[in-house]
Amino acid sequence: MSDLETLEAEINTAIAGADSEAALEDVRVAALGKKGSVSEKMKTLGKMSPEERKEMGPALNGLKNRVGEAIAARKEVLKEEALNARLASETVDVSQPLRTTPAEEGRIHPISQVTDELIAIFATWASPLLKARTSRQMS
């Protein structure tokens, strides 16, 4: 096996062994991150001769693409497994009554509330004035 095939086999083993999305992200960073194993191989392209670069460049890009696809496929599988586990653990008791939320009960609109408060304030001011006015009219 060549060096790239060995590296790809190791990365695929790590991808298959990832049992959570966090572990899969760690594998992605270790393989494709800034200091990942594939990225380190890509950095050596500049030191190679043009003939070697013509061979290794497409091989490394193909490896990078295959690893990315494998990670994406494993991520979808992990998401599906998590969803299935969640669906299996959660149940809904349809015989229970619905919970009422404050939005369903209703509230007074803030503008209506301020209007009511202003009317109450002016009514307390107007009451003594009306009494004084009616007493003047009576006399």
> Within the group Ala132, Ala73, which residue is of a type in the set (A, V, I, L, M, F, W, C), more than 20 Å from Glu8 (Cα to Cα) and either under 27 Å from the mean Cα position of the chain (by Cα) or at pLDDT below 90 (or both)?
Replying inline: Ala132
> Quick one: would you say Gly57 is more than 27 Å from Ala22 (Cβ to Cβ), surrounded by 11 or more Cβ atoms within 10 Å (Cβ to Cβ) and touching a residue at least 12 places away in the same chain (Cβ under 8 Å)?
Replying inline: yes
> Being assigned to a loop (DSSP other than H, G, I, E, B), surrounded by 10 or more Cβ atoms within 10 Å (Cβ to Cβ) and touching a residue at least 24 places away in the same chain (Cβ under 8 Å), is that true of even one residue in segment 68-75?
Replying inline: no
>> Here is a check on your reading of the model: is Val92 within 30 Å of Ser20 (Cβ to Cβ), modelled with pLDDT under 90 and within 38 Å of the chain's Cα centre (by Cα)?
In response: yes
> How many residues, within segment 1-20, are touching a residue at least 24 places away in the same chain (Cβ under 8 Å) and surrounded by 14 or more Cβ atoms within 10 Å (Cβ to Cβ)?
Replying inline: 7
>> Taking the conditions exactly as written (within 18 Å of Val29 (Cα to Cα), of a type in the set (Asp, Glu), part of a helix (DSSP H, G or I) and free of Cβ contacts under 8 Å to residues at least 60 places away in the same chain), does Glu80 satisfy them or not?
In response: no
> Taking helices (runs of 4 or more DSSP H) that fall entirely within segment 1-67, which contain at least 2 residues that are modelled with pLDDT of 90 or more and hydroxyl-bearing (Ser, Thr, Tyr)?
Replying inline: 3-17
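The values are calculated or read from the model by the stated rules, or taken from the named source; none is laboratory data. Keep in mind the model is a prediction, meaning the values are calculated, not measured. Heads up, the Cβs are rebuilt from the backbone with ideal geometry, glycines too, and the neighbour counts pull from every protein chain shown.
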